Structure formats: C-alpha cells, structure tokens
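The structure under discussion appears below in the form of structure tokens.
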Amino acid sequence: MESLMQEELFYGSRVKVLERNDNMSLYQIIDKSGKAEMTSYKVFDGITIVYNDVHMEGIHVDVLPQEDMYEINHCNEGRIECEFDSGDYLYMAKGDFSMNRKDGTCHQSYFPVSHYHGISILVIPKIAQREMDKQFGKNKIDLKKIFIRFCGDKGFYVTQESKSMEHIFYELYHVPEKIRQEYFRLKVLEVILFLSACEPEEKEERAYFSKIHVQKVKNIQKQLVENLDKKYTLQQLAKEHDIALTSMKKCFKGVYASGIYAYIKEYRMQEAAKMLLETEKTILNIANCVGYENGSKFSAAFKDVIGITPKEFRKSRETMPEWSELRRNGVDKYV
C-alpha cells in the first residue's frame, strides 16, 4: 500500500503503509540494518497514539518540521538516542518518560542496540484543545501551557517515570483489542490530566555527550563488531581513536548502556547463537569466529549470556517453540 505525502514528511520517503482502517495505520520502514513498525491510532482530533517496534539502527523523522506538534514518549524496552541542534546527544532507556516539541529540535532517532519498544502520544494543541474543553470544561486544561511548562526553551524534557506514570503506561501496553479505541480515549485523558497537575521534577543529572565523542565511540563499536576474532585493550582503542580513556569508557556506556568488554562479550555470544541456528559450523569453529581459541572458555561465556551451553542450544533449536520467531526477528529478542 502506498504511503501518503503527509506520512513521508513525518517518517521519510522509505515508509510503507502495511494496513489501514478508519482509526489505525500500520507503517513499516526497512533498510539494511533491520526494520521498524509503527502502529498509529487516532484517538481524538489532534491526538494520536503510536506504538513503536524497532529493530534497526536509526530512523530519520521530521523531514520537514511539523507545525505546533508535541510528543509524549515512554520507553518500554531498548534504548534510543536523541540528537539536538546544539550537537549534544541524550539517551532514553527502559522506564524513561519524555516530552518534546516536534519542530526539528529532536529530528532523528538512533537505536544503539538496534532494539526499541515504546509508545508516543502525538498532540497538536491547537486542534486537540477543543476536545479538552469538551471533556474538562473550557479553560480547565491548557495543552500548550502544559507542554511549554515541561519542555521549556530546549524543547525537550526527560526523566525516569514516576510510579503513577508507570501505572498509566503499563496499561497502555496491555489493552484488550475489542475495547482498544474507547480505552485509548480514557488513558490519553488520564495522561493529560496527570500532567496538568504536575510540575516538572528538578532536572536529573542526565549525561549529555558531545558529537565528537559519540562519533568516536560509534567508530570503536563498529571496529569491535566487524573484528570479532580480534582482541583489543581499552588503552589500544583509546589511543587509536584519539580519545581519553575515561571519556571513552563513560561515553561508550552512555551510548550502549554497558561497558566495552561487557558489550562485546554479549555481542559475540549473540552472533555465535545466530551461527548455531543458521549454519552447520562446528562449535569450535564458531568459537574461533567470535574470538575464542578455547572451546571450554567459549562454552562458559555462551552459557553466561544465553543461559545454556552451545551444544544444548544447537540440539534444542528445532524443538524451541519460538524457533521460527528466532530466525525471523533475531536472537537478541530472546536473550
């Protein structure tokens, strides 16, 4: 199904519409790094809920700035990077809640671990305000003031979800299909009512990273994953990429949510698991491919990450209930 110009302006020219009915549209973007699906539900005029299911490195959005649009976001799984006009980067992780102005302030999203599940509530205040007046009484809820109060001059607010907000979003991830549309209306009103009574919490010590440091650790990550059979010391990597050791370690953990050694160990084991599923290579050969000369050390590392030994993993692959899902979506979804 062809995409419309409005959708291409928002998601970019690669977007495809897989399904559409009166209130729902299912969009898909595919590139060499993976795929993303966004399921969009119109809740009220000027308010839309989008479920984001991302297994790719990045999505470029806001090809053209959207007029007077704001976004409420919740991260349920994975990790998302936001790049700002200032050149700084900020990262949202599981349980984070954010609000931002959709005018190019946060114009592209990168997913460091190629995995992100979350909800976005898109609001156009000048259109949605009529529904708020209808539901709560005229001038009781001022949408534009709510967003300005939270987003401020930077156009972005992020914090760890409160217990109340956690409860609201948890229910949005578990909506029975036959009451979905009515339930969405109730939950959106609940979110807006909650925000109208809250003041932004004092800013957390969120780490912002400079563009030059982020680019260097991305180059380090690329070097590591493209050379799984090689071993590097942290000192080697820092010197080769001209970055201070402390800055490298801090920035890498900020981007990828784990230290360099922990990250590459898990990556190696995920790649090994895929080879165990998709090839007939020997376990020792696979161990060598991901940088282990010793089979017993590889087996111990694999069990530490995946939960069972390589031999057990390969033996059980055809009987796994999720075998077809593993091959379709990638091992990382299950480990």
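Could you list which residues have their amide H under 5 Å from that of Val113, counting only those 5 or more apart in sequence or on another chain, with H placed in the peptide plane?
It is Arg79, by chain and number.
Could you work out the relative contact order of segment 93-189? I mean the mean sequence separation of Cα pairs under 8 Å and 6+ apart, divided by the number of residues, in percent.
Dividing the mean separation by the residue count of segment 93-189 yields 41 percent.
For q = 0.11, 0.16, 0.22 Å⁻¹, what log10 I(q)/I(0) does segment 154-294 give under the Debye formula with an equal point scatterer on each alpha carbon and no solvent?
-0.71, -0.91, -1.23
What accessible surface, in Å², does a 1.4 Å probe find on Ser299, ignoring ligands, DNA and RNA and rounding to the nearest 10?
Number for this one is 40 Å².
List, in order, the whole-Hz ³J(HN,Hα) value for each residue of segment 262-271 obtained from phi through the Karplus relation with A = 6.51, B = -1.76, C = 1.60 and θ = phi - 60°; use x for Gly and Pro.
My calculation for segment 262-271 gives 5, 4, 6, 5, 5, 4, 4, 5, 5, 5 Hz in order.
Rolling a 1.4 Å sphere over the protein heavy atoms, what is the accessible area per residue of the chain, to the nearest Å²?
53 Å²
May I have the pair-distance distribution P(r) for the chain, computed from all Cα-Cα distances with 20 Å bins from 0 and rounded to whole percent?
In whole percents, the pair-distance histogram is 27, 53, 19, 1.
Where nothing but the Cβ of Lys and Arg (+1) and of Asp and Glu (-1) is charged, how large is the charge dipole of segment 237-286 around its Cα centre, in debye to the nearest 20?
260 debye
Quick query: amide H of Met69 versus all other amide H atoms, modeled in the peptide plane; which residues come in under 5 Å with a sequence gap of 5 or more or a different chain?
Those lying under 5 Å, H to H, from Met69 are Lys102.
Rounded, prolate or oblate: which fits segment 118-211 when a ≥ b ≥ c are the square roots of the eigenvalues of the alpha-carbon gyration tensor, with rounded for a/c under 1.5 and prolate only if a/b beats b/c?
oblate
Which ³J(HN,Hα) values, rounded to whole Hz and listed in residue order, are derived for segment 139-150 from phi using the Karplus coefficients 6.51, -1.76 and 1.60 in 6.51 cos²θ - 1.76 cosθ + 1.60 with θ = phi - 60°, glycine and proline given as x?
Using θ = phi - 60°, the values come out as 6, 6, 10, 10, 4, 4, 5, 4, 5, 5, 4, 7 Hz.
Explain nothing, just the number: relative contact order of segment 156-283, from Cα pairs under 8 Å at least 6 residues apart, as a whole percent.
Worked out over segment 156-283, it gives 19 percent.
Please list Arg130, Arg206 in order of solvent-accessible area, largest first, computed with a 1.4 Å probe with all protein chains present.
The ordering from most to least exposed comes out as Arg130, Arg206.
Please report, in debye to the nearest 20, how large the charge dipole of the chain is about its Cα centre when each Lys and Arg carries +1 at its beta carbon and each Asp and Glu carries -1 there.
Around 760 debye, computed over the chain.
Could you derive backbone 3J(HN,Hα) for segment 179-184 from the dihedral phi with the Karplus parameters 6.51, -1.76 and 1.60 (θ = phi - 60°), listing whole Hz in sequence and x where the residue is Gly or Pro?
These are the phi-based 3J(HN,Hα) values: 10, 4, 5, 5, 5, 4 Hz.
What figure in square angstrom, to the nearest 10, would you give for the accessible area of Lys250 with a 1.4 Å probe?
For Lys250, the solvent-accessible surface is approximately 140 Å².
Just need the relative contact order of the chain here, percent rounded to a whole number, with Cα pairs under 8 Å and 6+ apart.
12 percent
Which of Asn76, Val158, Phe194 sits closest to the plus end of the dipole of the chain, meaning its Cα is farthest towards the positive end, when Lys and Arg get +1 and Asp and Glu get -1 on the C-beta?
Asn76
Using a 1.4 Å probe on the protein heavy atoms, what percent of the accessible area of the chain belongs to carbon and sulfur?
That share works out to 50 percent.
Can you tell me which of Gly46, Gly155, Gly307 moves the most in a GNM of the chain? Springs connect C-alpha atoms under 10 Å apart.
Largest GNM mean-square fluctuation: Gly307.
From the cross-link list Lys35/Lys94; Lys216/Lys249; Lys35/Lys297; Lys154/Lys222; Lys218/Lys249; Lys32/Lys303, which pairs have alpha carbons spaced over 22 Å apart?
Lys35/Lys297; Lys154/Lys222; Lys32/Lys303
The values are calculated or read from the model by the stated rules, or taken from the named source; none is laboratory data. Every value quoted in this text rests on a predicted model; they were computed, and no experiment measured them. As a convention, Cβ positions derive from the backbone with ideal geometry for all residues, glycine included, and neighbour counts pool all protein chains shown. Accessible surface is based on the protein model in full, side chains and every heavy atom, while ligands, DNA and RNA are left aside. Shrake-Rupley method; radii C 1.70, N 1.55, O 1.52, S 1.80 Å.
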